[in-house]
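Colleague: Encoded as structure tokens, here's the structure I'll be asking about.
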Amino acid sequence: MSQLLKKDLRQDACRGIARWFYNNALSFNASRDDLFAEMFELVARHGPGCTIMSDGWTDRKRRSICNFLVNCPRGTSFVKSIDTSGVIKNTEKVFQMLDNIVEKVGEEHVVQVVTDNASAYKAAGERLMAKRKHFHKTTISKGKKITNFIYARTNLIAMMKEFTNDRDLVRAGATRFATSYLSLARLSEQKGNLMTMFASEKWRKSSFASIQEGKRIQGIALDGRFWTNVVNCLRAALPVVKVLRFVDGEEKPAMPFLFQELCEAKLKIKSNFSNMEKR
């Protein structure tokens, strides 16, 4: 998976740089200038910021608990745990909860908030983005739109499996957070097949291609920026997913080894971003 992500990211970067040269009719010799390399180094140092992640679960007393974490290449930090039993169906309360977390972390440090896909969270997320206008719409949400659109239509599932060699796009995990990212990883694995499907004659002749929602989904699937964001999400999140799966396992007690697992996840994230701590 790591090699696949690196390859995809490099290809997308090369295509983007090449388009910039072509569109501006620049000589490729310009890339030999020392300032060209310095420019990319400074961009890399600036980096995209951090992600606030929420992971909902139910304890033995049937209470809904939500853990909030902040993730960046420097590591993952626990922010707080909240009993959301009386909150999860109330959009206003969910919005206030998310907004307070963003305020605690610092809006200037946050580029996205990854939450549960429940209706109250989705509505609260829209309000949060309206208030915090620099937020990006989450890549994970776009990934879910692709899978939800396909799996709501039997004929489209059949078409998709023709292109993915009968592979599914949804993969279950121990928690909703893990499931979201594992499904995003499956999307990444099938990137080429999905892009081929949405660009195919079979898709163009289907009834799905003519409806507005189908056009939006096709636009997401053929957007190189979306796939670049998928790669970046996975580079930051998969090491954390590994820790969550370890904690959820029953083979051995997790607590004595948790610190070591978190340290390894931190190093892996740092490695995934080429040891650029500020990314």
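Colleague: For segment 76-95, indicate whether the set of residues that are free of Cβ contacts under 8 Å to residues at least 40 places away in the same chain, assigned to a helix (DSSP H, G or I) and among the polar types (S, T, N, Q) is non-empty.
Modeller: yes
Colleague: Test ASP99 against the criterion of being assigned to a helix (DSSP H, G or I), of a type in the set (Asp, Glu) and either buried (at least 17 other Cβ atoms within 10 Å of the Cβ) or in contact (Cβ under 8 Å) with a residue 60 or more places away in the chain (or both), and give yes or no.
Modeller: Judged against the criteria, ASP99 is a match.
Colleague: Could you please find all residues in segment 149-161 being exposed (fewer than 13 other Cβ atoms within 10 Å of the Cβ) and outside any loop (DSSP other than H, G, I, E, B)?
Modeller: Those that are exposed (fewer than 13 other Cβ atoms within 10 Å of the Cβ) and outside any loop (DSSP other than H, G, I, E, B): THR154, ASN155, ALA158.
Colleague: Another one. Return the residue satisfying two criteria in turn: it lies in segment 104-134 and is closer than 16 Å to SER77 by Cβ and loosely packed, with under 14 Cβ neighbours inside 10 Å, and of such residues it is modelled with the highest pLDDT.
Modeller: It comes out as LYS104.
Colleague: Report, by residue number, each residue of segment 40-69 that is out of contact with any strand residue (DSSP E or B) (no Cβ under 7 Å at 6 or more places or on another chain) and modelled with pLDDT under 70.
Modeller: PHE40, GLU41, LEU42, VAL43, ALA44, ARG45, HIS46, GLY47
Colleague: State yes or no: is GLY86 on the phi < 0 side of the Ramachandran plot and within 20 Å of the chain's Cα centre (by Cα)?
Modeller: no
Colleague: Right, another one. Would you pick out the residues in segment 179-202 that are among the basic types (Lys, Arg), crowded, with 16+ Cβ neighbours inside 10 Å and either in a loop (DSSP other than H, G, I, E, B) or in contact (Cβ under 8 Å) with a residue 40 or more places away in the chain (or both)?
Modeller: LYS191
Colleague: Sticking with this one: Do we have ASN165 as in a loop (DSSP other than H, G, I, E, B), at pLDDT 85 or above and polar (S, T, N, Q) here?
Modeller: Here the answer is yes, as ASN165 does meet what is asked.
Colleague: Ok, one more. What are the pairs with Cβ atoms under 9 angstrom where one residue, in segment 203-230, is at pLDDT below 90 and small (Gly, Ala, Ser) and the other, located anywhere, is surrounded by fewer than 19 Cβ atoms within 10 Å (Cβ to Cβ) and in a helix (DSSP H, G or I)? Sequence gap at least six, or different chains.
Modeller: GLY224/ASP12; GLY224/ARG15; GLY224/GLY16
Colleague: Are any of the residues in segment 143-159 over 24 Å from ASN229 (Cα atoms), modelled with pLDDT of 80 or more and among the β-branched types (Val, Ile, Thr)?
Modeller: Yes, segment 143-159 contains a residue that is over 24 Å from ASN229 (Cα atoms), modelled with pLDDT of 80 or more and among the β-branched types (Val, Ile, Thr).
The values are calculated or read from the model by the stated rules, or taken from the named source; none is laboratory data. None of these values were measured; they are calculated from a predicted model. Heads up, the Cβs are rebuilt from the backbone with ideal geometry, glycines too, and the neighbour counts pull from every protein chain shown.
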